[in-house]
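The values are calculated or read from the model by the stated rules, or taken from the named source; none is laboratory data. Because the structure is predicted, anything quoted here is derived from the model rather than measured. All Cβ positions, glycine included, derive from the backbone under ideal geometry; neighbour counts span all protein chains shown.
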Amino acid sequence: MKQFSIFTQTLIVTALMFAACTGVLAQENITADSLQMQSSKQTGFVQTVRSSSVLYISIRSIAALVEAELFENAPLKKLEMKLSGVSIKFSANNSFVDITDLVTKHHRVVQLTVPVLCEQENYFVKSDDLIPLLRSAGDLALHIVPLAVADSAAAIPMVTGYTIEEKKNGTLLRLILSAKVKDVARTQQVAEWIYVTIPGARCDTLKFDTTFAEGTIRRIKPDQSETSLQLSLQIHGKVSQSEIVQDQLSNDILLTFIHPSVEEKKEQKIDSAAIRRQRAERAHQRVVNSIEKQKKKWKLDVVVIDPGHGGHDPGAIGLIGTREKDITLGIALKLGELIKQEIPELKVVYTRRTDRFIELYRRGQIANENEGKIFVSIHCNSTERKPSSANGFEIYLLRPGKTEDAIHIAEKENDVVKLEKDFEDRYQELTEENFIILTMAQSAYVKQSERFAEMLEETMSAQMEGMRQPVKQAGFYVLVGASMPNVLVESGYLSNVKEERFLRSPAGQKKVAAAIVNALKGYKNEYEDENQ
C-alpha cells in the first residue's frame, strides 16, 4: 500500500477556541493527533482530536483518503461529501446527516450519537459514527490500522516538552524527546523564522503552539505530518549563528542561538542605516515618478482613432455600392497622417488599420491599453429608404438617447454586435435603467467630451457643406468601454447620392479628416492650458 499525505497544518489553536466553537468539549482535556487508516484505495494518516475516551476524525482528511469531493457552505457551516454516487451532508453542531443517492435521488437521514464539531473550517465526527456511516453510504472497506502495524516495531519519538535558557551570549533551546531520532535539521534564519525538522517524530501540537512575550524566541509553532515534525521558531532580532546537536547524555535535541557581538551589532546598525537610506531614496523616487505620472495624465498625448465596422461587417451600403467600412477606414488613415504632420507630439493609435473585423468591446480595450486621452469613432449615416434628401454630419456623445432619431442610430450601430461570437453574454441591452451603471466610468469625462464635440461641430460646419446638426446624445456600445473623453462622428449620409460621392472621394475624406484635426488642435491647447 502506498502512503498518502493528508495535511501538514495545525489542527487547533487552543482548546478554549475549540470548545467555544463546538459547544460540546468545554472543560474537557482535548488533544490533537493523527491516525493511520486504510481504505479500499490506499493507506494514509487522518487528522483526529480526542476528548477523554472519545475519538473524532476530520472529515476533510478522511475525504482525501477515500478520494471524495468536498463542497463547503461556510456561512451556514455545512460540508457536503460526494463519493461513489452518494452525497453526504454534514452540519456543524448538528447530529443529523443527510444522505442522497445521486442516481436514484433516494433520500434518508441518519442521526449521529454526537453532533458534528467545527474548528477553523475543519469538521470532525466521532469515529464510531463516521466509519460505519461511510461504509454504508459509499460501500468502502474503511478501517483503522492497528497501532502495532502502524508503528512497525519501533517506538515513535515523541517531543514531550522543551526548556529555554537565556545566556549572556546566546539562547539554548532544549527539545525533550521520549526516544532518540536518527536525524534532525534546521534552516538558517529566514526573515524572523528558523525552521527545525525532526523526521519520524510526533508531538502534541496543541501543547507546543506557544507565544512568548520576551526573549530571543517569540513563538514555537508546530507542523505535524505523517513523516516528520517541523517546528517553526519565530526569532526576535537577528542571531549571529545557530547550531543544532543531539545531546549525548539523553534523547534531547539542543539548539543554540548565538547573539551578535558588539562589532556585529555595529555592522548591523550600519547595514540598517544603509537600508533606511535606500528606502528613503526609493520613497523619494516614487514621489517623483508619481508627479511625472500626474503631469503626463493631464497632457493630451495619445489619440485613438476608431474606423467603424470592417471585415465581414460592411456597415451601411450607399446607392452606388459604397461600403461604410471603406469610407471610415479612408478617413481614419488620412486623419492619422494629418495629425503626424500638424500635431507630431500627439501619438496616433488605430483600432484597425486594415479591412478586418474588430469587436466593439475590443475597441474600447485597445484605447485603454494604449492609455488614450481621447477616442474618436468614425461612421457614416444612412436612412431606411434610399435615395433620401437627409444630409449632413452628426456628432454623438455617450448618454441615453433623447430623440427617436438618436435612439434609432444607436440601435443601428449597436446591431453589429450580433456578428460577434457569444455576444449575448458580453453585452447588456442599453436600457434606460442599466445605462446609468454602464456609463459610470464615463462620468469623469463628460465635460471634456462635450467640449470636444462642440469644437468638432464648429470646425466641421466651417469646412464641410451640408446641413449643420446639433450635438446629440445616444447609447453606443463602442463608446462604453473607452475610459476617456470620446465622441462618435457620423460623417454624412450614404443614402444621399451627393454625399455618397463626396465621402467616397479622397478629397472628401481628407476634408472630414482636416476638420477633425482642427478640432483636436483647439481642444489640445485648451485642455493642457486648463491643467497646467
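Taken over segment 309-334, the criterion of being more than 23 Å from V517 (Cβ to Cβ) and without any contact (Cβ under 8 Å) to a residue 60 or more places away in the chain is satisfied by G311, P314, G321, R323. Return the pairs, sorted by first residue and then second, in which the second residue is surrounded by 15 or more Cβ atoms within 10 Å (Cβ to Cβ), the first residue lies in segment 107-129 and is among the small types (G, A, S), the beta carbons are less than 7 Å apart, and the residues are 6+ apart or on different chains. These pairs meet every condition: S127/L55; S127/Y56; S127/I57. Restricting attention to segment 350-366, does a residue exist that is in the same structural domain as R504 (by TED's automatic domain parsing) and part of a strand (DSSP E or B)? Checked segment 350-366: at least one residue is in the same structural domain as R504 (by TED's automatic domain parsing) and part of a strand (DSSP E or B). Being in a helix (DSSP H, G or I), modelled with pLDDT of 90 or more and among the aliphatic types (A, V, I, L, M) is not true of I407.
Can you spot a residue in segment 200-214 that is in a strand (DSSP E or B), closer than 12 Å to S232 by Cα and among the aromatic types (F, W, Y)? Steps first, please.
Just the residues of segment 200-214 that are in a strand (DSSP E or B), to begin with: 202-203, 210-211.
Applying the additional criterion that residues be closer than 12 Å to S232 by Cα yields 210-211.
Add one more test, that the residue is among the aromatic types (F, W, Y), and what stays is none.
Scanning segment 200-214, I find no residue that is in a strand (DSSP E or B), closer than 12 Å to S232 by Cα and among the aromatic types (F, W, Y), so the answer is no.
Being closer than 24 Å to L206 by Cα and either assigned by TED's automatic domain parsing to the domain that holds M37 or more than 33 Å from the chain's Cα centre (by Cα) (or both) is a description that applies to L117. Scanning segment 152-210 for residues that are among the hydroxyl-bearing types (S, T, Y) and under 30 Å from E119 (Cβ atoms) gives T160, Y162, T163, S178, T187, Y195, T197, T205, T210. Assess whether M460 counts as being at pLDDT 80 or above and more than 30 Å from the chain's Cα centre (by Cα). In short, yes.
Return yes when I176 is of a type outside the set (S, T, Y), over 37 Å from the mean Cα position of the chain (by Cα) and either in the same structural domain as V49 (by TED's automatic domain parsing) or not in a loop (DSSP other than H, G, I, E, B) (or both) and no when it is not. Please lay out each step first, then the result.
Working: of a type outside the set (S, T, Y): yes; over 37 Å from the mean Cα position of the chain (by Cα): yes; either in the same structural domain as V49 (by TED's automatic domain parsing) or not in a loop (DSSP other than H, G, I, E, B) (or both): yes.
Spelling it out, I176 is indeed of a type outside the set (S, T, Y), over 37 Å from the mean Cα position of the chain (by Cα) and either in the same structural domain as V49 (by TED's automatic domain parsing) or not in a loop (DSSP other than H, G, I, E, B) (or both).
May I ask you to list the residues in segment 71-80 that are assigned to a strand (DSSP E or B) and more than 15 Å from V110 (Cα to Cα)?
Start the filter on segment 71-80 by keeping residues that are assigned to a strand (DSSP E or B), which leaves 71-73, 78-80.
F71, E72, N73, K78, L79 - these are the residues of segment 71-80 that are assigned to a strand (DSSP E or B) and more than 15 Å from V110 (Cα to Cα).
Residue count for segment 498-531 under the criterion of being farther than 19 Å from E450 by Cα, in contact (Cβ under 8 Å) with a residue 24 or more places away in the chain and surrounded by fewer than 16 Cβ atoms within 10 Å (Cβ to Cβ): the result is 3. Taking (1) at pLDDT 80 or above; (2) in a loop (DSSP other than H, G, I, E, B); (3) more than 19 Å from I244 (Cα to Cα) in turn, D129 satisfies each apart from (2).
When E465, E433 are screened for being out of contact with any Asp or Glu (no Cβ under 8 Å at 6 or more places or on another chain), part of a loop (DSSP other than H, G, I, E, B) and either outside the structural domain of V349 (by TED's automatic domain parsing) or modelled with pLDDT under 85 (or both), only E465 passes. Figure legend. Inter-residue proximity from segment 68-87: first residues without any contact (Cβ under 8 Å) to a residue 60 or more places away in the chain and at positive phi, second residues surrounded by fewer than 17 Cβ atoms within 10 Å (Cβ to Cβ) and part of a strand (DSSP E or B), beta-carbon distance below 8 Å, spacing 6+ or different chains. Indicated pairs: G85/D101.
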